[in-house]
Amino acid sequence: MSMRLLVVEDDDRIRTVLRLALEDEGYDVSEATSAESALDQMQSEPTDMMIVDLMLGEMDGFTCIREVRRHSDLPIVVVSARADTHDIVAGLEAGADDYITKPFEIKEITARLRALRRRAARPAPAAPSEIVLDRSGDVPLVLSTEGGVLRRGEDVVHLTLTEFRLISELAAEAGHVLTRQVLLDRVWAHGFFGDERLVDVHIRRLRTKVEPDPSTPRIIVTVRGLGYRLDLP
Amino acid sequence: VKLFQPYGLRGRVVLGFGIGMMAVCGAFALTTYFLARDYMVQQRERSVLRAAFSDAGVIRDRMRAGADVQTILHELELDTASAVLVYRDGQWHSSSPDTRPSVVPARLVREVEAGQPAFVRDVVGATPSMVVGIRVPSVSASIYEVRLLAELNSTLRLLGSVLAIGAFSSVGLGAVIGMRLSRTVLQPLDQIAGTAAAISGGELSRRLPDTRDPELATLVGSFNSMVDALQLRIERDARFAADVSHELRSPLTTLVASVGLLKARRDQLPDRSRQAVDLIDAELGRFRRLLDDLIELARSDAGLILEKGSPVLAGDLLRSTLSMSGRATTLLSGDLEVPLRVDKVRMDRAVTNLCDNADRHGGGLVALTVEDRGDEVRILVDDAGGGVPPQDRERIFERFATGRSGRGSSSGTGLGLALVAQTVTAHEGAVWCADRPGGGARFVISIPAAAR
């Protein structure tokens, strides 16, 4: 079954050529010209992935992503004509998984989409499928790599696919430092020149979901000048 | 003024004050000295004359009374610096055995013997003296009052040395005053120079602080409004470049993606169409690079913010640079384990630009070498071409320099080396072009070493 991909872009020509190219790649592409119509479409038909332009009409891309994130964990790639630090970080903070700046080649965007579609991290050979991340609260925080969920007691903690892969990679090598470069490579399949801010922003978002106190992280700790490490209780 | 030119403004002020003070104080000291000397000498002369007349009176009266000359002389109450000589009937009589008749100049004797009271200043031994001679006809004798002026002389010497010391120390005082004054006067200039340097170094928001000094206020005002205008202009230019680039991105995205679609169906196209698609593809690639470079330069002009992530090994970075641009990683050698703290993406682009430049204009890239020099790291990009003539070595880092000289082939953007220079400068480093030992050009990027 082909993936349903929603392209949210107000420039008709770019949207058309994106549809043509992505259909060539085997995606089932639907189009939206505004954030509002994109949100409508998502309610009426199931969507697997999204490409969102940040510069839209009335409702901008950031708001659109935040709205989508309230009820969906699907992979989102942001397209921006501006390579400004501020925009990119804001897009990622809003909940996007990855970004690409205009002008891009189709093969660049399909590579990003392919990486995001991979459902979970390769499980480490000897890693147990259920890992207890935190025992300090009333109920334990348990990562189930095979089930693809993170639970606090009976409740499922909602993670995006990218966040889930990120925490799985860290948990698979718990106690060891993983550099930003390694994480970029394993989670986003970015090469050497990937943007390390992707990792930082996602770690920040992940912490707000798993850490008891995100301002003083205990589970996912920063190792200055090296990278990140997941500490088991 | 020309003479003092090499000393600088401050030096000139100090020197001027020193010399001025010396001249004023010197003139003052000389005037004081001569006035004081004349006054003191006049005083002495008057006192010697008075003493001479009174002594002459006493001697005359006593001689009339028939007293012996020598006895009279002994009876006179004279101080140690004074002596009286009497000349009578071709014979000299002295009040003191130390004072011989020879102290009286012959000229004086002649005048006095001719009946003229006379006065002379002379030197007795090493001591200046005054001699006053009076002819007393009633007793047919000449009386000479001799006064040694040793005390006057030492007073004058003391006065002279005090004044000289004063005049010379005034040079130092003048220099100190000059230094203080020049510092006060030049301080606003220093401030302007510092601010101007900071502004040209990129701190466009720097301004001179307001001043209440009316003369400086004009200068500060026009300086600040000049920088305002400059900043406005730079920002407008940067915004214009950013806007243009941004507007170009959307159509370029459509073009790039559309050509991508055509390329995917390249096999289905007739031969001539295929050639056309290939041409469009190549030109589009160049156009895209040009736009990327322009945007990057515009951003640098507006103040480049480097994204220095975690340190990377030089070998890892440059190996990726070579492989990403489709070059053999075997070209890389040197100190590959040295860590770099750089904006990876921008440094990659800079090195790629140098490699492209080597391929395009330098007969091909032959080596990429890392040199660890302790506090700096050098990246050497060697090519096999004819080298760059010395007079062109700076110019080629200017924008569109290759295009102007006609050196550039159709594939260069003309911005590559300018971008390299800007990136390296933003990393507080330097880039230059030299000769490669054995022929060809060597482009050198030097950046400060990462803290280890």
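For the reader, a short list of remarks on this structure follows.
- Charge context of B:Glu45, other residues only, Cβ under 15 angstrom, K/R +1, D/E -1: +2
- Cα pair count fraction exceeding 21 Å, expressed as % - the stretch B:160-290: 69 percent
- Between B:Thr184 and B:Gln91, the distance separating the two model label sites (each 7 Å from Cα on the Cα→Cβ line) works out to 7.9 nm.
- Given R0 = 45 Å, the distance between the Cβ atoms of A:Ser215 and B:Phe400 translates into a calculated FRET efficiency of 0.35.
- Counting only other chain Cβ atoms within 10 Å of each residue's Cβ, the peptide B:255-265 averages 5.
- Of all DSSP beta bridges in the protein assembly as shown, antiparallel share, percent nearest 5: 75 percent
- Sparse-neighbourhood loop sites, GluC sites (Glu not before Pro) in the stretch B:70-140 - DSSP loop, at most 14 other Cβ within 10 angstrom: B:Glu77
- Fraction of the pair-distance distribution of chain B above 37 Å, Cα-Cα pairs, percent: 62 percent
- Among the residues of B:306-312, the average count of other protein chain beta-carbon atoms within 10 Å of the residue beta-carbon is 4.
- When the alpha-carbon atoms of chain A are used, the pair Rg, Dmax equals 17.9, 54 angstrom.
- Per residue of A:190-197, other chain Cβ atoms within 10 Å of the residue Cβ number 5 on average.
- In order along the stretch B:322-338, the Karplus-derived 3J(HN,Hα) couplings, from 6.51 cos²θ - 1.76 cosθ + 1.60 at θ = phi - 60°, round to 5, 6, 5, 9, x, 10, 6, 6, 6, 5, 8, 7, x, 7, 6, 8, 6 Hz, and Gly and Pro are given as x.
- Fully extended contour minus Cα-Cα distance, from B:Ala193 to B:Ala150, at 0.36 nm per residue: 9.2 nm
- Rounded to two decimals, the Cα-based Rg/Rh of the stretch B:77-151, with Kirkwood Rh, is 0.94.
- For the stretch B:284-382, GluC sites (Glu not before Pro) are listed when DSSP marks them as loop and at most 15 other Cβ atoms sit within 10 Å of their Cβ; the list is B:Glu307, B:Glu337.
- Residue-span extension gain [B:Ile234 to B:Leu76] - 0.36 nm each, minus C-alpha spacing: 46.6 nm
- The length gained on full extension between B:Arg286 and B:Leu15, counted as 0.36 nm times the residue separation minus their Cα-Cα distance, comes to 91.2 nm.
- Bridge orientation summary for the stretch A:1-151: considering DSSP beta bridges with both residues in this region, about 30 percent are antiparallel.
- Quotient of C-alpha Rg and 2.2 N^0.38 Å, computed over the protein assembly as shown: 1.90
- Loop-exposed GluC sites (Glu not before Pro) per DSSP, neighbour cap 11 Cβ within 10 angstrom, longest uninterrupted part of chain A: A:59-145
- Given +1 at the Cβ of Lys and Arg, -1 at the Cβ of Asp and Glu and no other charges, the dipole of the protein assembly as shown around its Cα centre is 2520 debye to the nearest 20.
- The shape of the stretch B:40-120 can be summarised by an equivalent ellipsoid whose semi-axes, obtained from the alpha carbon gyration tensor, come to 19, 16, 14 Å from longest to shortest.
- FRET efficiency, 1/(1 + (r/R0)^6) with R0 22 Å, evaluated for B:Asp435 and B:Ser333 via beta carbons: 0.70
- Charge tally around B:Asp293: other residues with Cβ under 10 Å, Lys/Arg +1 each, Asp/Glu -1 each, net +2.
Computed from the coordinates by the stated procedures, all read-outs in this text should not be read as laboratory data. Quick caveat, the model's predicted, so the values are computed rather than measured. Using ideal geometry, Cβ is built from the backbone for each residue, glycine included, and neighbour counts are taken over all protein chains shown.
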